[in-house]
Amino acid sequence: MAGTQVPFAHRNLLGFWRAYWRTVLQVTFRPRRFALHAFRPVEYGDARFFQHVTVLLASLAVAALMIVASHCGYPVSPLIARLTPATRIEPFDIAAHVVLFGSIWLFFFLITGLNSYFFHPAHLPIEQQNRAVAMSYYASGPLAWVVGPSLLLIAAILLQRANLARLPIGGFLVLGLCTVAAATAFFIGLFWLMTTKCLSEGLIPNVRRRASALIMVQPIMVLVALGVSYLLVPLVYFLAVAFIDSLRA
């Protein structure tokens with residue numbers, strides 16, 4: 001990939017995961033410097049692939065957390081609330097897990113894709129707009145760290161399930177895992193917001209209003225995406241199940 005210095009574009013040379021995490025580190029902790037890549041050739045396909053990998057990692061981590069939590073008695077999702085270790089697994093239960101993963105994937109896909117509409121103002125040349133849109137997909141990088149707090153919470157839930165939390169050390173360990181996970185999740189969200197803002201400012205000189213507007217609109221987009229993925233998708237699933245059950249009757 002001549003001309004570009006984005007590590008993920010050189011994954012064939014560096015190795016896939018090494019190139020991926022190196023890109024995540026740059027996007028997360030040096031977003032203004034990473035924005036300078038837009039002034040060199042940037043492949044849209046590479047950026048889109050990076051977004052898909054990030055969305056998949058975050059979705060798998062959150063889905064695993066919700067499934068473990070639900071099976072341990074925590075009502076985290078109406079899709080799998082009725083499934084317990086003692087129940088017989090039926091096709092609808094398997095479908096519910098698939099729909100759960102799909103809804104989580106849709107949430108992350110929406111919040112990482114809607115930002116692109118703020119990255120291509122009309123006054124920029126078309127080539128620069130295309131590069132800016134590609135960079136907007138790289139802005140999803142900080143969400144890859146969602147794997148960390150998800151694993152911490154899974155560990156805390158399993159410790160609680162094993163009754164180790166009743167022990168003095170076990171209780172402090174569970175509390176510590178939950179605290180670290182909550183703090184990490186907060187900073188991931190903060191880094192994601194600031195990374196998007198810094199990238200948009202670096203790509204669009206002297207248009208800080210647009211970057212500020214993005215920061216204001218981004219939480220609204222997250223709420224909309226959450227409503228679509230966590231409420232609308234399960235509602236459609238339950239209506240489909242009810243319709244199929246009515247045909248069986």
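Scan region 1-40 for residues that are hydroxyl-bearing (Ser, Thr, Tyr) and in contact with an Asp or Glu (Cβ under 9 Å, 6 or more places away or on another chain) and the total you get is 1.
Please work out if Phe29 is under 21 Å from Val133 (Cβ atoms) and of a type in the set (A, V, I, L, M, F, W, C). No; evaluated as a whole, the condition is false for this residue. Within region 10-45, being in a helix (DSSP H, G or I), more than 21 Å from the chain's Cα centre (by Cα) and not polar (S, T, N, Q) holds for His10, Arg11, Leu13, Leu14, Arg32, Arg33, Leu36, His37, Ala38, Phe39.
Among the residues of region 99-124, write down those that are under 21 Å from Leu36 (Cα atoms) and at pLDDT 75 or above. Walk me through it before giving the result.
Our first condition is that a residue be under 21 Å from Leu36 (Cα atoms); within region 99-124, this holds for 112-113, 115-124.
Matches in region 99-124: Thr112, Gly113, Asn115, Ser116, Tyr117.
For (1) modelled with pLDDT under 75; (2) closer than 21 Å to Val68 by Cβ, each residue gets a yes or a no:
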residue	(1), (2)
Val133	no, no
Tyr137	no, no
Ser150	no, yes
Leu153	no, yes
Ala156	no, yes
Gly176	yes, yes
Phe186	yes, no
Glu201	yes, no
Asn206	yes, no
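Output the residues belonging to region 31-83 that are modelled with pLDDT under 75 and of a type in the set (Lys, Arg). Across region 31-83, the qualifying residue is only Arg82. Within region 115-129, the set of residues being surrounded by fewer than 18 Cβ atoms within 10 Å (Cβ to Cβ), touching a residue at least 24 places away in the same chain (Cβ under 8 Å) and either hydroxyl-bearing (Ser, Thr, Tyr) or within 27 Å of Leu25 (Cβ to Cβ) (or both) comprises Gln128 only.
The values are calculated or read from the model by the stated rules, or taken from the named source; none is laboratory data. Predicted model only: the values in this text are computed from it and were never measured. For neighbour counting, all protein chains shown are included, and Cβ atoms are generated from backbone atoms with ideal geometry for every residue, glycine included.
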